[in-house]
Each structure stands twice: as C-alpha cells, then as structure tokens.
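Let me begin by presenting the structure, written as structure tokens, before commenting on it.
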Amino acid sequence: MVKKTAICAFTAALALSAALAVGCAPAASEEAVDEGAYVSDGLPGLMPEDHEGRFETMGAEMCFTCHGANESAYPILDTAQPLPADHFAGGQIESYELDNARAECITCHSQG
C-alpha cells in the first residue's frame, strides 16, 4: 500500500512540475511572429492582411516584384521581406529569376 501511494505521489509531482514548466515558458515576442518575417523554426510567415487576394489576381510575378526585385533594387520596397536564396533559380539570388517550384506563393504563405 505504501509503495502504491509513493508511486501515485511521484507521478502527480512529475505531472505538476511538467505543467509548471510549460506555463513558465516565455511568450513569443511580437518580433518572432511578425507576419512578414520567417519564424525562428524556418517556416514561412503569414502574408499581411493588406495582401489579401493579391496572389490570386496578380500571380507570383507581382509578389516577386517587391520581394525579389532585380540587381538595382533588392527588394524594391524597403519594408518588403526579401526572398531567401532558395526561392531564386538555381538557389542564386544573383539570378534575380524566380524558381518555378516557388511560383505558388500561397502554398506556404497563407493569408494572415
């Protein structure tokens, strides 16, 4: 009986300490969840609300206009999140050519 009580007490203490550890985890900072940025685990961020419908009406080339640009303006808008190298043809930013495998932007970047 004592052994069973000790096991139950140990299990309860372990569960409580795990719950406390999770509850004390730091909250994500606003920077970490910035809609235009890539989150720390490498997953793509959400598109901002003001981008709603842009891909459907203008396609990937319009996304690329601001986020990929060209050699004279990368990216065109100062506030646009630049595309990572793997979004360019051959994985080379210097190509300034969108990789066709990345042309469906909304597959990974959903609307925020």
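Taken together, the values in this text are just the output of simple stated rules run on the coordinates, not laboratory data. No experiment lies behind these values; they were computed from the predicted model shown. A quick note on method: Cβ atoms are made from the backbone with ideal geometry, for glycine too, and the neighbour counts reach across all protein chains shown.
Summary of values
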quantity: Burial ordering of 43, 77, fewest other beta-carbon atoms within 10 Å first; calculated: 43, 77
quantity: For segment 33-107: rounded, prolate or oblate by the Cα gyration tensor [a/c cutoff 1.5]; calculated: rounded
quantity: Mean separation of Cα contacts under 8 Å (6+ apart) over length of segment 33-107, as relative contact order %; calculated: 20
quantity: Potential extension, residue 85-residue 101 segment - 0.36 nm per residue separation minus Cα distance; calculated: 4.5 nm
quantity: Neighbourhood net charge (14 Å Cβ-Cβ; Lys/Arg +1, Asp/Glu -1) for residue 86; calculated: -2
quantity: ³J(HN,Hα) computed for each position of segment 73-83 - Karplus, 6.51 cos²θ - 1.76 cosθ + 1.60, integer Hz, glycine/proline x; calculated: 7, 10, x, 4, 8, 4, 8, 7, 5, x, 5
quantity: Full-stretch length increase - residue 110, residue 74 - with 0.36 nm per residue and alpha-carbon distance subtracted; calculated: 10.7 nm
quantity: In Hz, Karplus ³J(HN,Hα) per residue of segment 50-57 (6.51, -1.76, 1.60; θ = phi - 60°; x = Gly, Pro); calculated: 6, 8, 4, x, 5, 5, 5, 8
quantity: Residue-wise HN-Hα coupling along segment 88-102, computed from phi with Karplus coefficients 6.51, -1.76, 1.60 (Hz; x: Gly, Pro); calculated: 9, 3, x, x, 10, 4, 4, 6, 6, 10, 5, 5, 4, 5, 9
quantity: For 46, 83, order by how many other beta-carbon atoms lie within 10 Å, fewest first; calculated: 46, 83
quantity: Amide H partners (placed H, <5 Å) of residue 88, local residues excluded; calculated: 99
quantity: Footprinting exposure proxy for 95, 72 (fewest neighbouring C-beta atoms within 10 Å first); calculated: 72, 95
